[in-house]
2 protein chains.
Amino acid sequence: MGSASRKTFLPLDPMSFTNESRAVIDFIADYYKNIEEYPVLSRVEPGYLSATLPESAPYCPESLEDILKDVHDCIVPGLTHWQSPNFFGYFHANASTAGFLGEMLCSGFNVVGFSWISSPAATELESLVMDWMGKLLKLPSSFLFSGTGGGVLHGSTCEAAVCTLAAARDKALKELGGWENITKLVVYASDQTHFTFQKAAKLVGIPPSNFRLIETSFSTGFSMSPEKVRFAIEDDIKSGLVPLFLCATIGTTPSGAVDPIAELGKVAREYKLWLHIDAAYAGSACICPELRHYLDGIELANSISMNPHKWFLTNMDCCCLWIKEPKILVDSLSTDPEILRNNASKFKGVVDYKDWQVALSRRFRALKLWIVIRRHGLANLIYHIRSDISMAKRFEAFVAMDERFEIVVPRKFALVCFRLKPKQEAEGTELNCKLLDAINSGGRAFMTHAVVGGIYVIRCSIGTTLTEEHHVDALWNLIQENAQILLSESIN
Amino acid sequence: MGSASRKTFLPLDPMSFTNESRAVIDFIADYYKNIEEYPVLSRVEPGYLSATLPESAPYCPESLEDILKDVHDCIVPGLTHWQSPNFFGYFHANASTAGFLGEMLCSGFNVVGFSWISSPAATELESLVMDWMGKLLKLPSSFLFSGTGGGVLHGSTCEAAVCTLAAARDKALKELGGWENITKLVVYASDQTHFTFQKAAKLVGIPPSNFRLIETSFSTGFSMSPEKVRFAIEDDIKSGLVPLFLCATIGTTPSGAVDPIAELGKVAREYKLWLHIDAAYAGSACICPELRHYLDGIELANSISMNPHKWFLTNMDCCCLWIKEPKILVDSLSTDPEILRNNASKFKGVVDYKDWQVALSRRFRALKLWIVIRRHGLANLIYHIRSDISMAKRFEAFVAMDERFEIVVPRKFALVCFRLKPKQEAEGTELNCKLLDAINSGGRAFMTHAVVGGIYVIRCSIGTTLTEEHHVDALWNLIQENAQILLSESIN
């Protein structure tokens with residue numbers, strides 16, 4: 001156990017670091033080159049992996065070659081290939097070389113920037129890049145460090161929701177004069193709002209019965225009605241409850257709908273609710289001047305979040321949260337244990353990001369977003385968004401031109417919600433369910449579904465980094481082929 | 001905007017992916033080669049970065065060379081170098097080539113395994129590696145998938161705390177028959193327990209006044225007294241409150257103390273409290289047969305968490321959480337939105353990890369832990385832990401042999417808590433504060449402090465991947481030199 005034998009175990013030796021890392025880079029590059037050969041949706045059955053790999057850890061080290069062979073033989077077949085150009089499911093998670101480089105530097109430095117002092121660059125670059133990103137979205141200066149607000153990088157929208165809900169909760173409980181009022185607090189969202197907000201509200205102790213899902217419909221394109229929100233608030237006030245928090249969405253998950261921020265903002269102001277804007281998906285698109293109007297009224301919000309890890313070429317995970325009054329967030333989340341006390345935090349008014357998030361530890365995610373923005377530049381980032389929207393328009397036009405199909409919800413971004421028209425409405429779900437299953441099980445493309453206004457729709461979400469027009473054209477051919485088979489079967 | 005121009009913007013082109021990734025690998029390898037040249041604690045002043053970098057994002061793309069030059073010139077000087085062999089602060093975050101490779105594959109595949117179907121390999125490898133890790137720690141099968149429990153990878157202990165607290169809370173509220181009972185729930189920990197549990201309890205809506213900090217002292221080596229816990233519980237029951245959750249620690253942050261799991265487990269059983277074991281730091285050490293006894297009694301716990309990203313050569317972030325009755329966790333955290341419904345989740349009883357954590361989205365962290373274990377093997381992982389403990393013993397012996405110093409808390413793992421003996425007790429804090437500042441500002445090493453039992457101690461935490469005996473010897477020389485200067489100043 002002396003220093004002599006130590007030399008035989010060097011788990012971070014720069015030479016083998018370089019050689020082994022290069023082998024993995026080559027492995028990943030090959031994966032990208034061959035990605036279209038794999039069925040997009042994995043075909044494995046539950047339990048496949050435990051049937052293949054040993055039940056227990058090895059006692060002796062194994063070679064990288066053996067490990068990469070297992071990754072190739074056992075892991076890759078079990079992946080649903082989110083980076084495939086034929087992946088049109090959920091919302092995409094579009095990777096880029098720049099995002100990957102940022103992740104490498106983050107992991108290579110492996111610093112933990114919980115306090116400013118624990119790695120000043122991690123904190124300062126994050127503050128800087130949050131201002132950069134905020135300016136790309138033309139957020140008011142009240143959300144920026146260069147103004148009176150500030151921003152933080154979280155791992156997910158749910159974390160942003162938990163933190164903003166806790167901040168709003170604690171501010172309200174202080175004003176109401178006691179923790180027992182927690183059962184009076186009410187949160188408002190629409191039936192299209194991401195379910196993560198319901199989960200987050202329950203996590204922070206808001207009774208699930210105090211979560212209001214405002215109904216939406218085809219008539220408003222599934223956007224939330226400010227009048228309905230007002231009615232719900234008035235109802236709750238009459239019942240002795242305390243309206244707390246309203247969540248509006250730019251680009252809902254089921255259909256890409258947009259809530260009217262400006263009008264909802266007025267209601268929130270009137271009743272003193274915390275207004276949060278969830279722009280997880282479509283926030284990225286608002287860097288395009290022609291789409292920025294969806295954020296009009298943002299000055300009335302208290303906080304806004306969006307996910308560069310969805311549509312901004314930033315590898316997982318990366319969620320931007322801006323907040324107008326960081327003090328409220330910090331009051332709720334701050335801790336001041338002796339073990340972390342230092343002069344910079346005490347005397348120099350620095351940002352300590354541990355007080356802006358759930359965890360103490362944190363990765364240096366800012367490097368990634370900073371490199372993504374610099375390596376591409378606003379010009380190419382706008383081009384990237386427009387190119388996806390252009391492909392979505394093309395796909396939408398294919399659907400519209402084929403009378404067997406219909407567009408169910410008008411497209412706003414790069415998500416197209418369509419279906420095969422059923423002969424009778426009652427058959428709509430089964431028919432489209434079958435169509436989707438046929439396409440996905442074929443392996444050549446992958447889409448997912450939603451139910452909006454009671455109608456089962458197929459969602460074609462365009463936006464993986466590698467998708468080009470010919471992939472969209474091939475998808476449409478595939479859909480037509482499968483529809484033809486289905487329709488001829490139903491005739492026979 | 002047609003397909004012709006599209007060809008000019010290829011953000012995930014395999015050829016440039018390979019070339020640019022290799023450039024970053026070389027950059028990081030150089031960083032490791034030269035890491036001892038940098039002052040361990042960054043010397044920048046608050047605001048240094050915004051004085052150097054532009055206020056807004058560039059419109060046009062920038063070259064990787066320019067970006068890496070800025071990383072070198074602007075970011076590296078602002079890092080506190082957690083991978084430096086002379087970093088002895090906080091608890092280390094020890095990186096390895098294997099951990100880095102796992103992060104690369106995770107980021108390269110960039111899949112989002114929220115449900116089994118969304119990438120079966122991500123879920124299945126995680127379940128497998130949680131069982132591997134649980135077996136390395138000799139956890140009872142009641143915590144393993146191969147038994148009746150299960151495990152999940154979180155990003156941080158705080159996330160594990162939030163999730164287990166929410167699970168315990170929701171089970172209790174169901175039994176008590178209403179959400180209004182949330183203000184009756186009480187959480188117990190010691191004054192040495194990581195503050196993250198207090199933050200987590202508040203986050204899930206437990207009133208801060210219902211968090212009990214059981215006092216510890218030198219007499220028990222700062223471990224939590226089961227009798228004191230029992231008294232506190234009895235007190236609360238008499239006041240009409242409902243004892244909910246007890247957190248015990250293996251290796252506390254201030255001094256590496258260990259709570260008596262078996263005895264605390266009996267108390268928890270008797271009063272039906274959820275017992276969580278926080279082994280964030282020292283859990284890794286329990287893979288060594290001679291240290292496994294610290295986990296004796298673990299069969300009485302409901303959940304246990306530990307952080308491979310601290311002392312298990314696993315790059316950030318990675319926190320293992322095992323739970324005995326996953327159903328309770330899933331009941332609390334599950335969501336079943338239409339948009340994610342699929343046959344595997346519905347009919348095949350698969351694990352959907354979205355219901356085991358805060359967020360929906362998640363990174364494929366299991367790859368990293370799996371590669372760390374395979375590439376090193378249990379043999380080298382044990383060697384790694386023993387080697388750090390051996391160096392800590394060596395350092396402890398240096399301190400003990402120098403009569404100007406004293407060991408304040410007996411060492412259990414690789415953390416040594418010591419101080420320069422003051423002539424008068426009242427001067428102890430100032431003297432050791434000065435000593436620590438002198439060492440840290442010199443740049444050749446970095447340590448942090450704690451206050452235990454009212455005494456300010458310097459913490460020497462040994463365990464970065466690159467630390468070897470000669471670094472520990474140099475640290476001790478540095479401490480002696482600085483102490484000599486301080487002591488001679490105080491005489492003059």
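Take the residues of segment A:454-475 that are surrounded by fewer than 24 Cβ atoms within 10 Å (Cβ to Cβ) and of a type in the set (G, A, S): which is nearest to the other protein chains (Cβ to nearest Cβ)?
So, considering only residues that are surrounded by fewer than 24 Cβ atoms within 10 Å (Cβ to Cβ) and of a type in the set (G, A, S), the one nearest to the other protein chains (Cβ to nearest Cβ) is A:G454.
Are any residues in segment B:225-272 at positive phi and more than 24 Å from the chain's Cα centre (by Cα), and if so, which ones?
Result: B:G240, B:K272.
Within segment A:83-126, track down each residue that is in contact with a helix residue (DSSP H, G or I) (Cβ under 7 Å, 6 or more places away or on another chain), among the aromatic types (F, W, Y) and crowded, with 24+ Cβ neighbours inside 10 Å.
The answer is A:F88, A:F91, A:F100, A:W116.
Given the conditions (1) of a type in the set (F, W, Y); (2) without any contact (Cβ under 8 Å) to a residue 60 or more places away in the chain; (3) within 7 Å of chain A (Cβ to nearest Cβ), which single one is not true for B:W82?
Condition not satisfied by B:W82: (2).
Of everything in segment B:138-159, what is polar (S, T, N, Q) and more than 14 Å from chain A (Cβ to nearest Cβ)? Give them in sequence order.
B:S142, B:T148
Out of all the residues in segment B:413-426, is one or more within 14 Å of chain A (Cβ to nearest Cβ) and part of a loop (DSSP other than H, G, I, E, B)?
yes
In the list B:D66, B:D13, B:D70, B:D30, which residue meets the criterion of being within 20 Å of A:T464 (Cα to Cα) and of a type in the set (D, E, K, R)? Steps first, please.
Working: B:D66 fails: within 20 Å of A:T464 (Cα to Cα); B:D70 fails: within 20 Å of A:T464 (Cα to Cα); B:D30 fails: within 20 Å of A:T464 (Cα to Cα).
Testing whether each residue is within 20 Å of A:T464 (Cα to Cα) and of a type in the set (D, E, K, R) leaves just B:D13.
Can you tell me how many residues within segment B:27-43 are within 7 Å of another protein chain (Cβ to nearest Cβ) and either surrounded by fewer than 18 Cβ atoms within 10 Å (Cβ to Cβ) or charged (D, E, K, R) (or both)?
Counting residues in segment B:27-43 that are within 7 Å of another protein chain (Cβ to nearest Cβ) and either surrounded by fewer than 18 Cβ atoms within 10 Å (Cβ to Cβ) or charged (D, E, K, R) (or both) gives 1.
If you take the residues of segment A:338-361 that are assigned to a helix (DSSP H, G or I) and over 15 Å from A:S118 (Cα atoms), which of them is nearest to the other protein chains (Cβ to nearest Cβ)? Full working, then the answer.
From segment A:338-361, those assigned to a helix (DSSP H, G or I) are A:338-340, A:343-347, A:353-356; that's our starting set.
Filter again for over 15 Å from A:S118 (Cα atoms), leaving A:347, A:356.
On the way: A:F347: 10, A:W356: 12 Å.
The qualifying residue nearest to the other protein chains (Cβ to nearest Cβ) is A:F347.
Here are some conditions: (1) in contact with a helix residue (DSSP H, G or I) (Cβ under 6 Å, 6 or more places away or on another chain); (2) assigned to a helix (DSSP H, G or I). B:C163 meets all but one. Which one does it not meet?
(1)
Starting from residues that are of a type outside the set (A, V, I, L, M, F, W, C) and within 11 Å of chain B (Cβ to nearest Cβ), keep the ones in segment A:430-453 and report whichever is surrounded by the most Cβ atoms within 10 Å (Cβ to Cβ). Reasoning before the result, please.
Residues of segment A:430-453 of a type outside the set (A, V, I, L, M, F, W, C): A:430, A:432, A:434, A:437, A:440-444, A:448-449, A:453.
Cutting the leftovers down to within 11 Å of chain B (Cβ to nearest Cβ) gives us A:437, A:440-441, A:448-449.
Numbers: A:D437: 13, A:N440: 21, A:S441: 11, A:T448: 22, A:H449: 24.
Once the filter is applied, the top-ranked residue is A:H449.
The conditions are (1) of a type in the set (S, T, N, Q); (2) within 18 Å of A:G265 (Cα to Cα); (3) within 9 Å of another protein chain (Cβ to nearest Cβ), and A:T164 fails exactly one of them. Which is it?
Unmet for A:T164, out of (1) of a type in the set (S, T, N, Q); (2) within 18 Å of A:G265 (Cα to Cα); (3) within 9 Å of another protein chain (Cβ to nearest Cβ): (3).
Collect the residues in segment B:345-368 that are over 25 Å from A:T157 (Cα atoms) and either in contact with a Cys (Cβ under 8 Å, 6 or more places away or on another chain) or among the aliphatic types (A, V, I, L, M) (or both), keeping them in residue-number order. Outline the logic, then answer.
So in segment B:345-368, the residues over 25 Å from A:T157 (Cα atoms) come out as B:346-349.
Result: no residue meets the conditions.
Is it true that A:R375 is in a loop (DSSP other than H, G, I, E, B), within 8 Å of chain B (Cβ to nearest Cβ) and of a type in the set (D, E, K, R)?
On the way: in a loop (DSSP other than H, G, I, E, B): no; within 8 Å of chain B (Cβ to nearest Cβ): yes; of a type in the set (D, E, K, R): yes.
Here the answer is no, as A:R375 does not meet what is asked.
Examine segment A:37-60 for a residue that is part of a helix (DSSP H, G or I), in contact (Cβ under 8 Å) with a residue 24 or more places away in the chain and not β-branched (V, I, T), and state whether such a residue exists.
Among the residues of segment A:37-60, not one is part of a helix (DSSP H, G or I), in contact (Cβ under 8 Å) with a residue 24 or more places away in the chain and not β-branched (V, I, T), which makes the answer no.
Is it true that some residue in segment A:405-414 is among the small types (G, A, S), loosely packed, with under 15 Cβ neighbours inside 10 Å, modelled with pLDDT of 95 or more and touching a strand residue (DSSP E or B) at 6+ places or on another chain (Cβ under 9 Å)? Before the answer, list the steps.
From segment A:405-414, those among the small types (G, A, S) are A:414; that's our starting set.
Narrowing the set further to residues that are loosely packed, with under 15 Cβ neighbours inside 10 Å leaves none.
Checked segment A:405-414: no residue is among the small types (G, A, S), loosely packed, with under 15 Cβ neighbours inside 10 Å, modelled with pLDDT of 95 or more and touching a strand residue (DSSP E or B) at 6+ places or on another chain (Cβ under 9 Å).
Tally the residues that are more than 7 Å from every other protein chain (Cβ to nearest Cβ), under 20 Å from B:G251 (Cβ atoms) and in a helix (DSSP H, G or I), restricting the search to segment B:89-137.
The qualifying residues number 2.
Can you tell me which residue among B:A285, B:A262 is among the small types (G, A, S) and out of contact with any helix residue (DSSP H, G or I) (no Cβ under 6 Å at 6 or more places or on another chain)?
Going through B:A285, B:A262 in turn, the sole match is B:A262.
The values are calculated or read from the model by the stated rules, or taken from the named source; none is laboratory data. In this text, all values refer to a predicted model and were calculated from it rather than measured experimentally. Methodologically, a virtual Cβ is constructed for each residue, glycine included, from the backbone with ideal geometry; neighbour enumeration extends over all protein chains shown.
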